[in-house]
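Everything below concerns the one structure shown next.
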Amino acid sequence: AFADLFKKFPAHLHVDIHPDYQRQGVGSFLILEYIIELKKFGVKGVHIVTSPDESNVQFYLKHKFKYQVQREFNGRPLLFMGL
């Protein structure tokens, strides 16, 4: 659904933190470390895909994933967020 955006945001990030460890900085740490590694290799963009009504949207906005495109896939809305 978002293949046309992969050239600008080639890296994909998928983070799942067990609920017992959420809101302790684990996800933020993983994102920041991943971005550092991407920069070392010259990768200029990273993206995530989520549902537009998920609570994690605010988490990714906090981490500057500001580029957003919403599309449908299999009848469900999806949100592409890029940094």
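The values are calculated or read from the model by the stated rules, or taken from the named source; none is laboratory data. No experiment lies behind these values; they were computed from the predicted model shown. Ideal geometry is used to build each Cβ from the backbone, glycine not excepted, and the neighbour counts take in all protein chains shown. Calculation scope for accessible area: heavy atoms of the full protein, side chains included, ligands and nucleic acids excluded. Shrake-Rupley method; radii C 1.70, N 1.55, O 1.52, S 1.80 Å.
What does the helix-only formula give at 222 nm for the chain: each DSSP H stretch with n ≥ 4 adding -39500 (n - 2.57), the total divided by the residues, and the result rounded to the nearest 500 deg cm²/dmol? Intermediate results must be reported in sequence, preceding the final value.
On the way: 2 runs with 22 residues, N = 83.
Value at 222 nm, helices only: -8000 deg cm²/dmol.
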ask   = Once label points are set 7 Å from the Cα along Cα→Cβ at both L61 and Q24, what is their separation, rounded to one decimal in nm?
value = 2.7 nm
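Report for the chain the percent antiparallel among DSSP-assigned beta bridges with both residues inside it, nearest 5. Write out the running numbers ahead of the final one.
Values: 11 of 13 bridges.
That works out to approximately 85 percent antiparallel.
Considering only protein heavy atoms and a probe of 1.4 Å, how much of the accessible area of the chain is carbon and sulfur, as a whole percent?
Details: 3300 of 5950 Å².
Carbon and sulfur together cover 55 percent of it.
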Per residue, in Å², the accessible surface of the chain once ligands and nucleic acids are set aside, probe 1.4 Å = 72 Å²
query = P(r) for the chain: what percent of alpha-carbon pairs falls in each 10 Å bin, starting at zero?
reply = 16, 50, 30, 5
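Going from most exposed to least, what order do R76, R23, R71 have by accessible area with a 1.4 Å probe? Present the calculation step by step, with values, prior to reporting the outcome.
Working: R76 145, R23 220, R71 75 Å².
If we order R76, R23, R71 from most to least accessible, we get R23, R76, R71.
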